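Scroll down for the structure; my scribbles are underneath it.
Bear in mind that the values in this text are calculations on the coordinates, not laboratory data. Owing to the predicted nature of the structure, the values given are computational and were not obtained by experimental measurement. Neighbour counts run over all protein chains shown; Cβ positions are idealised from the backbone, glycine included.
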Amino acid sequence: MSENRLQRLIYSNCLRAWIQELECRYLRHLAGRSIRGGVALEVGCGAGYGVDAILEVFEARRVDAFDLDGELVERARTRLARRGEQVRLFRADCEAIDVPSESYDAVFDFAVVHHVLGWRRAIEQIFRVLKPGAVFCAVEVLDRFISNPVARRLLDHPSQDRFGHEDFRGALRDVGFKLLETRQIADSFGWYVAERPVAIGGSHAS
Ligand SMILES: C[S@@+](CC[C@H](N)C(=O)[O-])C[C@H]1O[C@@H](n2cnc3c(N)ncnc32)[C@H](O)[C@@H]1O
C-alpha cells in the first residue's frame, strides 16, 4: 500500500537515515553476526537509507533493494549512485518477489510488511529467497500503533488483518523460520531476527 505525503516526509530525510543506522546496529546486536562478504536484500527500501546501513553495519558485499513505489526507487538510485556495483535497485512487490529462491544471505524489512495487504504471503516470499542458514531481520509496526486514533488520522495503513507481536512471531514460525531473537516495545513496535533453517535429509532442522 502506498504512503501519504507525511509518511514520505518521515521516511525520506537525514534524521531517518540516522535512526535507521541505529535500528540496523540493534538488529546486528540481536543477530550476533554480520554477513561479511554476503549479499542482502532490502524489501521496501524507500529512499534507500537502509541500504547504506546494511552495507556498513552488516558488512554486506552487495545489497539488492526494491520498493513498490517507482518514484522512491528512482530517488534511492540517485542517492546511491556513488555505491556503483555494490547496489542493485528495482521495483517490485513484497507479495511476489521476482528473484530466484535461495538467493540471499540476509533479508531486511524496515517497517514495510505492515503496509502489505497479504503480509503472510510477503513472509513466505522472504523465506523463499533466503539461503538455508541465512537470516531475516525486521523492525515492524504493530497493530496497536496502527489502530491508535492519532496514527489512524495521520498515517495510511491497511486497516484489516494487521498483526501484533505474537501474530508476527507465529507467522514466521508457520513458514518455517527459527526465531533467534525477538523483542517488542510498548506493544507498538517489534524487532525480529529469524533464521531459515538448514535442511537436513530433505526436512528443515529446527
Ligand atoms: C514506512 S516506509 C519504510 C521505508 C524504508 N524501509 C525506511 O525504513 O525508511 C514503507 C515502505 O514500504 C513500501 N511498500 C509498501 N507496500 C509494499 C509492497 N507491497 N512491496 C514493496 N514495498 C512496499 C512503501 O512504498 C514505503 O517505501
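Values for this structure:
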{"quantity": "Loop-resident sites, the range 1-64, for trypsin sites (Lys or Arg not before Pro), counting at most 14 other Cβ within 10 Å (DSSP)", "calculated": "33, 36, 61"}
{"quantity": "Two-site FRET efficiency, residue 148 against residue 18, from Cβ-Cβ distance with R₀ of 25 Å, rounded to 0.05", "calculated": "0.55"}
{"quantity": "Alpha carbon Rg of the range 65-129, scaled by the compact-globule rule 2.2 N^0.38 Å", "calculated": "1.14"}
{"quantity": "Per residue convex hull volume, Cα atoms of the range 86-170, in Å³", "calculated": "111"}
{"quantity": "Loop trypsin sites (Lys or Arg not before Pro), the range 134-199 (other Cβ atoms within 10 Å of the site Cβ: 12 or fewer; DSSP)", "calculated": "none"}
{"quantity": "Inter-label distance, nm, simple model (7 Å from Cα along the C-beta direction), residue 96/residue 128", "calculated": "1.1"}
{"quantity": "Interchain or long-range residues, amide H under 5 Å from residue 42's placed H", "calculated": "64, 65, 66, 108"}
{"quantity": "Taking N as its residue count, the alpha carbon Rg of the range 1-66 over 2.2 N^0.38 Å", "calculated": "1.15"}
{"quantity": "Taking the convex hull of Cα positions in the chain, its mean projected area over all directions (nm²)", "calculated": "10.7"}
{"quantity": "Filtered GluC sites (Glu not before Pro), the range 1-65: DSSP coil and at most 10 other beta carbons within 10 Å", "calculated": "none"}
{"quantity": "Anisotropy class of the range 120-206 from Cα gyration tensor, a/c 1.5 cut", "calculated": "prolate"}
{"quantity": "For a label point 7 Å along the Cα-to-beta-carbon line of residue 198, residues of the range 99-137 with backbone N under 11 Å", "calculated": "132-134"}
{"quantity": "Rounded to 5, percent antiparallel among DSSP beta bridges of the chain", "calculated": "45"}
{"quantity": "Computed [θ] at 222 nm, deg cm²/dmol, the chain (DSSP H ≥ 4; -39,500 (n - 2.57); rounded to nearest 500)", "calculated": "-10500 deg cm²/dmol"}
{"quantity": "Point-to-point label distance, residue 156-residue 4, nm (Cα→Cβ direction, 7 Å offset)", "calculated": "0.9"}
